[in-house]
1. From the list G135, G107, G55, which residue is surrounded by 15 or more Cβ atoms within 10 Å (Cβ to Cβ) and farther than 17 Å from S207 by Cβ?
2. If you go through region 190-210 one residue at a time, do you hit one that is under 16 Å from Y138 (Cβ atoms), of a type in the set (V, I, T) and in contact (Cβ under 8 Å) with a residue 40 or more places away in the chain?
3. What are the residues in region 152-207 that are closer than 21 Å to T66 by Cβ and assigned to a loop (DSSP other than H, G, I, E, B), if any?
4. Quick check on region 58-94: of everything there that is acidic (D, E) and surrounded by 18 or more Cβ atoms within 10 Å (Cβ to Cβ), which residue is farthest from A134 (Cα to Cα)?
5. Only one residue in T149, T139, T212 is among the β-branched types (V, I, T), within 19 Å of H92 (Cβ to Cβ) and either modelled with pLDDT of 95 or more or part of a strand (DSSP E or B) (or both). Which one?
6. Select from region 151-164 the residues that are crowded, with 21+ Cβ neighbours inside 10 Å and more than 21 Å from P114 (Cβ to Cβ) and list them in ascending order.
7. I'd like the full set of residues that are touching a Leu at 6+ places or on another chain (Cβ under 6 Å) and farther than 27 Å from T192 by Cβ, limited to region 78-114.
8. Would you confirm whether any residue within region 165-173 is at pLDDT below 95, more than 19 Å from the chain's Cα centre (by Cα) and loosely packed, with under 14 Cβ neighbours inside 10 Å?
Amino acid sequence: MKNIITKSLVSTVIAGSLVLTSASVSALEKGDWLVRFGAVNVNPNDSSSGLTAVGSTATVGVDDNTQAFANLSYMIRDNIALELLAATPFSHDIVGTGSLSSLGKVGETKQLPPTFSIQYHFKPKSNLRPYVGAGINYTVFFSEKATNTITSLKLDDSVGLAAQAGFDVNISKDWFFNADVRYINIETTAHTSLGTSEVKINPTVISLGVGTRF
C-alpha cells in the first residue's frame, strides 16, 4: 500500500507540472504571504528496538496515513521564505513485527507534527518555482490505545530536523499548484505493558495541493 500511494503521488506531481507550466507568470517578492492546502501522506521509514520485557526480536512498525494539510509562508526576501506546516491529526496503526508479526495490529495513536522551515526559492520570478528547505519538527502523540496483547501504550513526544524539496507552478495570476516532499526525523520511546521500545518513524512526507498569495 505504501508503494502504491507513493507512486501515485509522484505520477500526479509529474502530470501536474507538465500541464500547468503554461500558466501566466506571477513573480514572488519580499513581503508576500503564501497559503497552501491539500492532501499529505505520512509514510514511515520505521524501525524499532525490541520490547524490553519480551526480547530483541519483539519489534513494532507504524502504518502510513493521509490527511489534510495547510501551510503558511512569508517571503522575508525575494527568494527566502519562512514556513509553518500544520495538518489535521494523523492516525497510525502500530503493528507487531519480528517475533510479534503474527499479532497484526497491537495499538494505535494519533499525532500532530507542526514543522517550521526556512526555504530557498531558486526562481521566484518564474512560472515554475522550485525550492528547498530545512527546519525543525515537533511531533505530539496522543490518544494512544493498545488493542492486542499489549495492554498499555504511551509514546513520548519527538523533536527532530526536517528537510524538504518542492515546487509551485502557476495556475492563474494568484493561484498555483504545489507539490512537496519532506523527510522528517521523528523518534520516540514507546512505553508498553511489555516494556519499552525505541521507535524510529522518520517518515517521507508527500503533499499535493494548491495555494494562493496575498
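The values are calculated or read from the model by the stated rules, or taken from the named source; none is laboratory data. For clarity, every value in this text was computed on a predicted model and none was experimentally measured. Note that we place each Cβ from the backbone using ideal geometry, even for glycine, and neighbour counts take in every protein chain shown.
1. Testing whether each residue is surrounded by 15 or more Cβ atoms within 10 Å (Cβ to Cβ) and farther than 17 Å from S207 by Cβ leaves just G107.
2. Within region 190-210, one or more residues are under 16 Å from Y138 (Cβ atoms), of a type in the set (V, I, T) and in contact (Cβ under 8 Å) with a residue 40 or more places away in the chain.
3. N185, I186, I201, N202, P203
4. Quick first cut of region 58-94, residues acidic (D, E) only: 63-64, 78, 83, 93.
After this cut, where a residue has to be surrounded by 18 or more Cβ atoms within 10 Å (Cβ to Cβ) as well, the list is 64, 83.
Values: D64: 23, E83: 10 Å.
Checked region 58-94; the qualifying residue farthest from A134 (Cα to Cα) is D64.
5. T139
6. Hit for region 151-164 is L153, nothing else.
7. L84
8. Checked against the condition, which is being at pLDDT below 95, more than 19 Å from the chain's Cα centre (by Cα) and loosely packed, with under 14 Cβ neighbours inside 10 Å, region 165-173 yields at least one hit.
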